[in-house]
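The values are calculated or read from the model by the stated rules, or taken from the named source; none is laboratory data. Quick caveat: nothing in here was measured; it's all calculated off a predicted structure. Every residue, glycine among them, receives a Cβ derived from its backbone with ideal geometry; neighbour counts consider all protein chains shown. These accessible areas exclude ligands, DNA and RNA; they are computed on the full protein's heavy atoms, side chains included. Shrake-Rupley method; radii C 1.70, N 1.55, O 1.52, S 1.80 Å.
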Amino acid sequence: QVQLVESGGGLVQPGGSLRLSCAASGFTFSSYAMRWYRQCPGNQREWIALVGSGGTTNYADSVKGRFTISRDNAKNTVYLQMNSLKAEDTAVYYCYASLIGGLWGQGTQVNVSS
């Protein structure tokens, strides 16, 4: 089955850290760029990070220097390490695979609050 399954979300205090994981199955994971997006209540889904099939990374300005995307092709998993979290990082976080037609995970909720 072709799917992406995110995990690792939760409640964290401002300034804290979380690591999200996205496990892929059903396709040749190593061949595809992977992205993380997030969606805050009432807002459109926003791209935040990309890791290419060769490991090249890119970030939205809103997370640059705080978030790190990485991939483990042996485990078919992409990660998002989030540090120095802020209240405005509260959102549902989604991973995305650049397959034909695109493939989204179900999302994982991150709440940053004291």
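See the values below:
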read-out	value
Enumeration of residues in the range 31-55 that are open to solvent by less than 50 Å² (accessible area, probe 1.4 Å) and either within 22 Å of ALA87 (Cα to Cα) or not in a loop (DSSP other than H, G, I, E, B) (or both)	MET34, TRP36, TYR37, ARG38, CYS40, ILE48, ALA49, LEU50, VAL51
Residue in the range 56-67 that is part of a strand (DSSP E or B), more than 20 Å from SER113 (Cα to Cα), at pLDDT 95 or above and open to solvent by less than 30 Å² (accessible area, probe 1.4 Å) present	no
Residues of the range 4-17 classified as open to solvent by 30 Å² or more (accessible area, probe 1.4 Å) and part of a strand (DSSP E or B), total	3
So GLN1, is it part of a loop (DSSP other than H, G, I, E, B), in contact with an Asp or Glu (Cβ under 8 Å, 6 or more places away or on another chain) and surrounded by fewer than 14 Cβ atoms within 10 Å (Cβ to Cβ)	no
